[in-house]
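The values are calculated or read from the model by the stated rules, or taken from the named source; none is laboratory data. Quantities reported herein were computed from a predicted structural model and do not represent experimental measurements. When we count neighbours, we look across all protein chains shown, and the Cβ atoms used for this are built from the backbone with ideal geometry, even at glycine. To get the accessible areas, we keep the full protein, side chains included, count just its heavy atoms, and leave off ligands, DNA and RNA. Shrake-Rupley method; radii C 1.70, N 1.55, O 1.52, S 1.80 Å.
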Amino acid sequence: MKKAERQEKMLAKCYSGAISGVDAQTVEIEVYSAVGTSQFAIVGLPDAAVKEAKDRIPTALKNQGLASKKEFDITVNLAPADVKKEGPIYDLPIAVGLLRATGRIRNEHLEDYALIGELALSGEVRRVRGVLPMVLEMKRIGKRAVLVPAENVEEASVVAGIDVIPVRVLQEAVLYLNGELDIEPCTTDLAALVSGDRDAGDDFADVKGQDAARNALEVAVAGGHNVLMIGSPGSGKTMLARRIPSILPPLTVEEALEVSRIHSVAGAAKGGGRFVTRRPFRAPHHTVSSIGLLGGGAHPVPGEVSLAHRGVLFLDEFAEFPRQALEVLRQPLEDGHVCVSRAAAAYDYPSQFMLVAAMNPCPCGYYNDPTHTCRCAPNAILKYQSRISGPLLDRIDIQIEVPPVEASSLPLAAAGEPSAAIRARVLAARAVQAARYRGMPGVHTNAEVHGRDLADVCRFTRKDCEDLVHLIERLHLSARAYDKVLRVARTIADLAESEAVLPEHLNNAILYRRMDSSENSFWL
C-alpha cells in the first residue's frame, strides 16, 4: 500500500474498561478512519449514552482546535462485542483513537495506554464512576499508563504499579501522548491515607444517661453484631446511633480498597466517587425502595447495603420502612453479599455490614413510657410491631429497650464516657478476634464465625451448655437465635478479657434478646 493510501486509511487501538458488579473487564477500542462523507458508526453493543459519543466528540474536537480539515468515515468497535458498554466513559478513548487514526496523534504505542473519561462539548474531561476498578484492571493487564479525568485522580492514584495521568481537557491528553506536554503521574501513599484519617465526629461523651444502651452498642461494635433499639421519641436512639462511627475500628488498607471500589462504581450520585478512608455510615430515609437498599435498577449499581459494606447501615424509624424493602435485608444479613440478576447478566455486590435500627414501640411512640400515656389500642400496638417480621428480627443479635431520660435531670447529669475510652476497648476486643480467626478465611469478627465453630470458640462447660439449652427452650428462641446468643456472649467475654464464655456472659447475651417470639411482643 502506498504512503498516501495509508494516510487516508488507518486503524488505531487503545484500551478502556467496562464495569461488571464491583469489578471491571478490559474493553479494546478500535477506531478505523477512511476519507469519505463524515459517517460515524459505533458498534460493539453500545448503550444510548455510548452512541451519543458520535455527537459529543466532533463538537469537542472543534472547540479544542483538533478537528480535521478532511472528512472521514469513522467506525469504532468496542470489543468484546458481546459485553454491553454503558455510560459516557468511552468518550476520551474514542476521541484519542480517532485522532490517532486521522494522524493528529503521532504516538505509535497507543496500545500501551488506557483512557477513561467523558467529554463535554467544550472538550473538558469530566469525572465518571467506576474509575478505581478500571485502573486496577488496567494494571492487571500490564498497561503502562492510564489517562483519567482530573476529578477522579484521588481514587485512581491509590493504585501502585501503573502511571495515573490526570487530564482536564482533551488537548492535554493529545499533547501528552505526542510528547509535547509533561504531566507528572499522580501517586498516593495508600497506607498513610488510611491511617491519617481519624476525625470521628460526634462523641459519646455528649450522651448523658443511657448506660445500658451504650454498653449494648459497645458490644455490638466490638463483635460486629446487628442491633435494634426500641424506645419512645426523644429517648436518644438516633443520638446514640450517630456516635457509633466514633468507636468503630479503622479500616485496613485491604478493606479501604474493597469499600472504595464499591463507592467508585456507585458514583457521586450515591455519595461515592471518592476514596473511602473511614468505615461507611449509611442512613437512608425510610421512604427508600427495595432497589435503593439492595441495588440494581435499569443500569445496576450497588444499593445502601453494599455502600455500607465494612461499616454501618442505620435505619431510623425502622417500622416505617416499606415491608418489601425490609424483607430484602434478610439475604444480605445472612450471606454477606447481594446477587442482582438481570436477563443479560448477574451482578454480585459485597454487603457485610452492621445493621443498627431504631424504632418506636407503637404508633404514638409512648407504649411503656412512664411519663406519657399511650393512646394506642392493643391490636394497633401488635400490628405496628408486626411490621418487623419474625425472620428479620431473628437476624438481629441485640434487641434493647432505650428508656426515656427525664429532661429535668440533664443539667446536673455528668458527661458520659468519651468515645476514645470505648474505642480502646473495642480495638482490644477486635485484636483478640483477629488473632482467633486468623486461619478462617472471610471471618474477622464474632458475628461472622461459622455455626460449626461456635462450640470451640466459646469453650463453656457442659453444665453451662445445659442451662443455656433450658433457657433457650423457655424463651422459644430459634436455632439461629441460639447461635446469635453464643456469638454475642463470646464478644462480651472478649471485652471482659476472658478466654472462656462464663455464665454471666451468657446471661447478659440472653438479656439482649428483647423479642419473645411466643408472645410476639418486644417486651419480656
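The set of residues in the stretch 228-248 being in a loop (DSSP other than H, G, I, E, B) and either touching a Pro at 6+ places or on another chain (Cβ under 7 Å) or crowded, with 19+ Cβ neighbours inside 10 Å (or both) consists of Gly231, Ser232, Gly234, Ser235, Gly236, Arg243, Leu248. Within the option set Ala81, Ala95, Ala49, being in a loop (DSSP other than H, G, I, E, B), under 37 Å from the mean Cα position of the chain (by Cα), on the phi < 0 side of the Ramachandran plot and at pLDDT 90 or above holds for one residue only, Ala81. Only one entry in Lys69, Lys62, Lys13 is in a strand (DSSP E or B) and among the basic types (Lys, Arg), namely Lys13. Restricting attention to the stretch 59-78, the residues being surrounded by fewer than 16 Cβ atoms within 10 Å (Cβ to Cβ) and modelled with pLDDT of 90 or more number 3. Highlighted here are the helices (runs of 4 or more DSSP H) found entirely within the stretch 323-407 that include at least 3 residues which are in contact with a helix residue (DSSP H, G or I) (Cβ under 9 Å, 6 or more places away or on another chain): 323-327, 330-335, 390-394.
Considering only residues that are over 30 Å from Val253 (Cα atoms) and touching an Asp or Glu at 6+ places or on another chain (Cβ under 9 Å), look in the stretch 161-206 and name the one that is surrounded by the fewest Cβ atoms within 10 Å (Cβ to Cβ).
Let us first name the residues in the stretch 161-206 that are over 30 Å from Val253 (Cα atoms), namely 169-182, 206.
Checking the rest, the ones that are also touching an Asp or Glu at 6+ places or on another chain (Cβ under 9 Å) come to 169-170, 174, 176, 181.
Working: Val169: 18, Leu170: 27, Val174: 25, Tyr176: 19, Leu181: 13.
Across the stretch 161-206, the extreme among qualifying residues is Leu181.
For the stretch 473-491, state whether one or more residues are without any contact (Cβ under 8 Å) to a residue 40 or more places away in the chain and over 25 Å from Tyr437 (Cα atoms). Yes. Regarding Glu401, is this residue open to solvent by 20 Å² or more (accessible area, probe 1.4 Å), touching a residue at least 40 places away in the same chain (Cβ under 8 Å) and closer than 30 Å to Val328 by Cα? Yes, satisfied.
Scanning the stretch 121-157 for residues that are of a type in the set (A, V, I, L, M), surrounded by 24 or more Cβ atoms within 10 Å (Cβ to Cβ) and under 19 Å from the mean Cα position of the chain (by Cα) yields Val128, Val131, Leu132, Met134, Val135, Ala156. Among the residues of the stretch 175-226, those identified as part of a helix (DSSP H, G or I) and of a type in the set (Ser, Thr, Tyr) are Tyr176, Ser195. Candidates are the residues of the stretch 348-382 that are within 30 Å of Ser260 (Cα to Cα) and open to solvent by 40 Å² or more (accessible area, probe 1.4 Å); the one that is modelled with the highest pLDDT is Gln352.
Residues that are within 24 Å of Val83 (Cα to Cα) and either among the charged types (D, E, K, R) or open to solvent by 20 Å² or more (accessible area, probe 1.4 Å) (or both) within the stretch 26-38 comprise Thr26, Glu28, Glu30, Tyr32, listed in sequence order.
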